[in-house]
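The values are calculated or read from the model by the stated rules, or taken from the named source; none is laboratory data. This one's a predicted model, so the numbers in the text were calculated from it and none came from an experiment. Glycine gets a Cβ as well: all are built from the backbone with ideal geometry, and neighbour counts include every protein chain shown. The accessibility values were calculated without ligands, DNA or RNA, using every heavy atom of the protein model including side chains. Shrake-Rupley method; radii C 1.70, N 1.55, O 1.52, S 1.80 Å.
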Amino acid sequence: MNARNRLRRNVFLGFITALTLSLFPSAAPPLAAQTSNLTTPEQALGFELGADYHMASYAQLEAWWKKLADESPRMKLVPIGQTVEKRTQYMAVISSPENLAKADHYRDIVERLTRAQDLTEEQARELASEGKAVIWIDGGLHATETVGSQQLMELVWQMVSGNDAETKRFLDDVILLAVQCNPDGQDIVANWYMRRQDEKARTMEDLPVLYHHYVGHDNNRDFFMSNMPETTNMNRVMFREWYPQIIYNHHQPGFGQTGGVVFTPPFRDPFNYHFDPLVPLQIEQVGAAMNARLVSRGMPGSGQRSFSNYSTWWNGGLRTVAYFHNAVGLLTEIIGSPTPVELPFVAQWQLPQSDLPDPVAPQTWHYRQSIDYEMQLNRAVLDYASKNRETLLFDMWRKGMNQIERGSRDSWTTTPDRIAAAEKAAGDRHGMRVRSGFALPTDLYESVLHDPAHRDPRGYVIPADQSDFGTATKFVNALIKAGVEVQRATASFQVAGKTYPAGSFVVKTDQAYGPHVLDMFEPQDHPNDFQYPGGPPIPPYDMTGWTLAMQMGVDF
């Protein structure tokens with residue numbers, strides 16, 4: 001029996017609560033959309049979404065969404081797990097009634113395209129032609145950033161109630177996953193803000209508890225580890241069940257320039273060297289569509305790239321973990337509060353630039369304005385997905401196949417230290433001067449950048465006989481929660497002349513989520529990023545190193 005036959009694929013170690021395989025096992029036949037008898041926001045909440053000095057709680061969201069799911073054939077409400085404080089975390093699945101009746105079929109299509117195994121290009125194109133784009137839009141992760149949860153409620157309302165041609169096209173072409181990321185936090189913050197009868201006295205200040213019971217704001221640092229139940233729920237939906245092509249994560253505010261009110265993609269460099277090069281290109285495309293939609297509708301104040309320091313380097317955030325799974329991860333950071341705020345006049349930020357083409361005027365800014373901006377950004381994403389449905393789906397296969405092929409042969413990741421090694425090896429052998437340096441001898445491309453000693457691994461063995469196999473198992477669970485395929489040996493086996501015992505884990509890189517595998521085992525090599533040669537560094541957005549296997553002390 002060969003080594004492959006002694007390995008059992010897709011090991012599950014008991015961390016995921018069993019869920020029914022079918023989303024809607026008793027789905028009703030398609031119905032004509034009826035939107036005239038829907039419960040409106042004001043009926044459900046007692047106020048309009050975005051009204052000054054008002055914020056809806058998660059309890060209100062849950063009660064309203066349950067009514068809408070009963071009233072509208074466009075929406076199914078799916079529980080995805082429990083929160084830390086034992087609330088049920090819900091996801092609204094929204095599409096045309098015809099699409100929802102075939103939800104399992106469309107989910108199977110996106111899974112096959114994303115995993116990319118055993119599919120020819122012709123088969124992938126056929127599936128992409130038949131499938132529906134799956135788009136994740138969330139809100140409320142950082143609960144004191146209150147626009148996120150409120151805009152999500154407005155988005156669901158617009159999708160189930162709208163009868164305009166654009167909304168109907170979205171429903172025909174797209175399956176929307178609308179997810180409240182932090183139900184506990186929404187209740188904590190909303191109840192605190194709304195505790196006073198005097199509207200003008202309401203404030204977010206002095207919140208007495210963390211808005212996530214254990215990790216507070218760092219619930220957006222958990223997506224490569226899945227320590228928290230909410231993270232586990234969401235990673236399962238994204239990378240084991242629904243495989244969205246675009247993951248849009250709403251935040252605020254994250255920047256101090258007063259000529260702008262919202263940061264939108266695309267992001268500044270560096271991007272991580274492990275993920276597929278199609279990913280940053282697609283972020284550029286979707287980001288351009290988002291910015292253009294705001295400007296075309298007379299909604300100024302959107303900034304991008306250098307407008308803030310957000311990059312695509314690290315692996316721990318909700319939108320950044322998407323990149324290592326071949327998906328388009330989006331982040332917006334918008335100003336806004338239930339309490340109106342004043343935008344001051346800062347002269348230098350009124351001068352247009354490529355990253356802030358249309359500065360916003362000083363004014364009193366109201367909550368509803370933020371929600372209106374978020375709706376146009378959401379609709380820009382849905383519009384892009386609708387018009388580029390087949391391309392998005394096919395490119396998921398292409399990116400997945402790229403990673404399978406990369407892990408099946410010798411491959412190398414070019415990192416700053418390898419560039420430095422090539423320059424050092426060149427010594428005085430410099431050629432002609434080019435833009436920012438000198439041409440090096442061509443032979444160094446192979447001998448240094450493709451040095452066999454620095455080849456990317458084909459896979460990793462985690463031996464069962466190491467001293468702390470329990471921690472190693474926790475590490476493997478974190479990989480599986482993020483959708484990585486893991487094998488476990490049913491008998492002893494040999495690799496490169498070394499024998500490993502039965503029960504050892506094998507994590508191969510010839511899989512669609514190969515970038516995530518490499519990023520969890522290999523040390524990161526963040527580039528020197530200076531404002532100018534010899535100048536101060538440009539601060540990175542977040543962590544620059546996080547090799548989980550090393551952090552957990554796993555022998556591999």
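The one condition from (1) in a helix (DSSP H, G or I); (2) surrounded by 21 or more Cβ atoms within 10 Å (Cβ to Cβ); (3) under 22 Å from the mean Cα position of the chain (by Cα) that Val160 does not meet is (3).
Taking the range 436-477, which residues are touching a Lys or Arg at 6+ places or on another chain (Cβ under 6 Å) and at pLDDT 95 or above? Before the answer, list the steps.
Restricting attention to the range 436-477, the residues satisfying the condition of being touching a Lys or Arg at 6+ places or on another chain (Cβ under 6 Å) are 441, 449, 459.
Residues satisfying the conditions are Leu449, Gly459.
Just one of (1) among the β-branched types (Val, Ile, Thr); (2) closer than 24 Å to Pro340 by Cα; (3) free of Cβ contacts under 8 Å to residues at least 24 places away in the same chain fails for Val215. It is (2). Taking the range 110-133, which residues are in contact with a helix residue (DSSP H, G or I) (Cβ under 6 Å, 6 or more places away or on another chain), part of a helix (DSSP H, G or I) and surrounded by 21 or more Cβ atoms within 10 Å (Cβ to Cβ)? Listed by number, the residues that qualify are Leu113, Thr114, Ala124, Ala128.
Contact annotation: residue pairs with Cβ atoms under 9 Å, 6 or more positions apart or on different chains, pairing a residue in the range 337-355 that is farther than 30 Å from Trp192 by Cβ with a partner that is aromatic (Phe, Trp, Tyr), are Gln353/Phe307; Asp355/Phe307.
Just so you know, in the range 479-495 the residues that are open to solvent by 30 Å² or more (accessible area, probe 1.4 Å) and closer than 28 Å to Asn315 by Cα include one that is nearest to the chain's Cα centre (by Cα), and it is Lys481. When the range 72-109 is limited to residues that are in a loop (DSSP other than H, G, I, E, B) and over 18 Å from Ser386 (Cβ atoms), the one that is most open to solvent (accessible area, probe 1.4 Å) turns out to be Lys86.
Here the range 232-253 is the region considered, the condition is being farther than 23 Å from Gln82 by Cβ and among the polar types (S, T, N, Q), and the residue that is surrounded by the most Cβ atoms within 10 Å (Cβ to Cβ) is Gln245.
Taking the range 50-90 only, how many residues are at negative phi, out of contact with any strand residue (DSSP E or B) (no Cβ under 8 Å at 6 or more places or on another chain) and either of a type outside the set (D, E, K, R) or modelled with pLDDT under 95 (or both)?
We begin by selecting, within the range 50-90, every residue at negative phi; these are 51-52, 54-80, 82-85, 87-90.
Imposing the further condition that a residue be out of contact with any strand residue (DSSP E or B) (no Cβ under 8 Å at 6 or more places or on another chain) reduces the set to 51-52, 54-57, 59-60, 63-64, 67, 70-73, 84-85, 87.
Checking the rest, the ones that are also either of a type outside the set (D, E, K, R) or modelled with pLDDT under 95 (or both) come to 51, 54-57, 59-60, 63-64, 72-73, 84.
Qualifying residue count for the region: 12.
Residues of the range 496-521 that are open to solvent by 50 Å² or more (accessible area, probe 1.4 Å), touching a residue at least 12 places away in the same chain (Cβ under 8 Å) and of a type outside the set (A, V, I, L, M): Lys508 alone.
Taking the conditions (1) surrounded by fewer than 16 Cβ atoms within 10 Å (Cβ to Cβ); (2) at pLDDT 95 or above; (3) more than 26 Å from the chain's Cα centre (by Cα) in turn, Arg429 satisfies each one other than (2). Which of the residues belonging to the range 145-182 are among the β-branched types (Val, Ile, Thr) and either farther than 17 Å from Arg319 by Cα or touching a Pro at 6+ places or on another chain (Cβ under 7 Å) (or both)? Within the range 145-182, Thr146, Val147, Val156, Val160, Thr167, Val174, Ile175 meet the criteria. Among the residues of the range 242-269, those that are in a loop (DSSP other than H, G, I, E, B) and either hydrophobic (A, V, I, L, M, F, W, C) or farther than 29 Å from Gln369 by Cβ (or both) comprise Trp242, Tyr243, Gln245, Phe255, Val261, Phe267, Asp269. Taken together, the residues in the range 519-554 that are in contact with a His (Cβ under 8 Å, 6 or more places away or on another chain) and more than 30 Å from Phe505 (Cβ to Cβ) amount to 1. Of Gln353, Gln369, all but one fail to be at pLDDT below 95 and out of contact with any strand residue (DSSP E or B) (no Cβ under 7 Å at 6 or more places or on another chain); the exception is Gln353. Residue-level check: of (1) among the aromatic types (Phe, Trp, Tyr); (2) closer than 29 Å to Pro416 by Cα; (3) outside any loop (DSSP other than H, G, I, E, B), Phe239 misses just (2). Going by the conditions given, is Asn219 surrounded by fewer than 24 Cβ atoms within 10 Å (Cβ to Cβ) and at pLDDT 95 or above? Considered against the rule, which asks whether it is surrounded by fewer than 24 Cβ atoms within 10 Å (Cβ to Cβ) and at pLDDT 95 or above, Asn219 comes out as no.
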